Amino acid sequence: MAVTRTLSIIKPDATNRNLTGKINAKFEEAGLRIVAQKRIRLTKEQAGKFYEVHKERPFYDELTTFMSSAPVVVQVLEGENAVAENRRVMGATNPADADPGTIRKEFALSMGENSVHGSDSDENAAIEIAFFFADTEIVG
Ligand code: ATP
Ligand code: MG
């Protein structure tokens, strides 16, 4: 299996509760390396652009309002099969369905305020990483 990269976001519900370190520990315990990371405050426009694929969904306004409501931590995770491995560590979108020990099971508040984002394919990971990071900011 190849070493790949994925884009992760620690969402406002988690930064508000000071959970950045606990969430990062979950990634590192799973063997994912944080090869780039920064804390930023998204504008509603930036959040809208990032989640453009969901713009016809009924939760789009709620999602982009939430994602711009407080700081987020955007990060690049690197490891074997990083997209799938990160999504395994994150757990299901709805915390009620998430497996024990996953980030969303332990920390998420609801389907919307679910603590983390992770890319869903290698192709989208490349697009999402480029949305936030220059190549020179990623140090593997
Ligand atoms: P993410 O893309 O954030 O990693 P995901 O891939 O598990 O999560 P998506 O289907 O891509 O889930 O939805 C993107 C985000 O939109 C979810 O993480 C969640 O915060 C929000 N969302 C999805 N469905 C709903 C819903 N029914 N109600 C409210 N928010 C939702
Ligand atoms: Mg998604």
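Quickly run through region 86-97 and pick out the residues that are of a type in the set (A, V, I, L, M) and buried (at least 20 other Cβ atoms within 10 Å of the Cβ). Show your work before the answer.
Pass one, region 86-97, residues of a type in the set (A, V, I, L, M): 89-90, 92, 96.
89, 90 - these are the residues of region 86-97 that are of a type in the set (A, V, I, L, M) and buried (at least 20 other Cβ atoms within 10 Å of the Cβ).
Checking the conditions here, which among 101, 21, 140, 31 is modelled with pLDDT under 95, more than 14 Å from ligand 1 (Cβ to nearest atom) and open to solvent by 30 Å² or more (accessible area, probe 1.4 Å)? Write out each step before concluding.
Values: 101 fails: modelled with pLDDT under 95; 21 fails: modelled with pLDDT under 95; 31 fails: modelled with pLDDT under 95.
So the residue among 101, 21, 140, 31 that is modelled with pLDDT under 95, more than 14 Å from ligand 1 (Cβ to nearest atom) and open to solvent by 30 Å² or more (accessible area, probe 1.4 Å) is 140.
Looking at region 52-70 only, could you name the residues that are open to solvent by less than 50 Å² (accessible area, probe 1.4 Å) and under 21 Å from residue 19 (Cβ atoms)?
Selection gives 63, 66, 67, 68, 70.
Exactly one condition in (1) touching a residue at least 24 places away in the same chain (Cβ under 8 Å); (2) within 17 Å of residue 51 (Cα to Cα); (3) within 15 Å of ligand 1 (Cβ to nearest atom) is false for residue 123; which is it?
Among (1) touching a residue at least 24 places away in the same chain (Cβ under 8 Å); (2) within 17 Å of residue 51 (Cα to Cα); (3) within 15 Å of ligand 1 (Cβ to nearest atom), residue 123 violates only (1).
Yes/no matrix, rows are residues, columns are (1) free of Cβ contacts under 8 Å to residues at least 24 places away in the same chain; (2) of a type in the set (D, E, K, R):
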position	(1), (2)
58	yes, no
76	no, no
89	no, no
95	yes, no
105	yes, yes
117	no, no
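Among the listed residues 93, 65, which satisfies the condition of being β-branched (Val, Ile, Thr) and within 16 Å of ligand 2 (Cβ to nearest atom)?
On the way: 65 fails: within 16 Å of ligand 2 (Cβ to nearest atom).
93 is the lone residue from the list that is β-branched (Val, Ile, Thr) and within 16 Å of ligand 2 (Cβ to nearest atom).
The values are calculated or read from the model by the stated rules, or taken from the named source; none is laboratory data. Everything numeric in this text was worked out from a predicted model, so none of it was measured. Neighbour counts run over all protein chains shown; Cβ positions are idealised from the backbone, glycine included. Areas reflect the complete protein model, heavy atoms only, side chains present, ligands, DNA and RNA absent. Shrake-Rupley method; radii C 1.70, N 1.55, O 1.52, S 1.80 Å.
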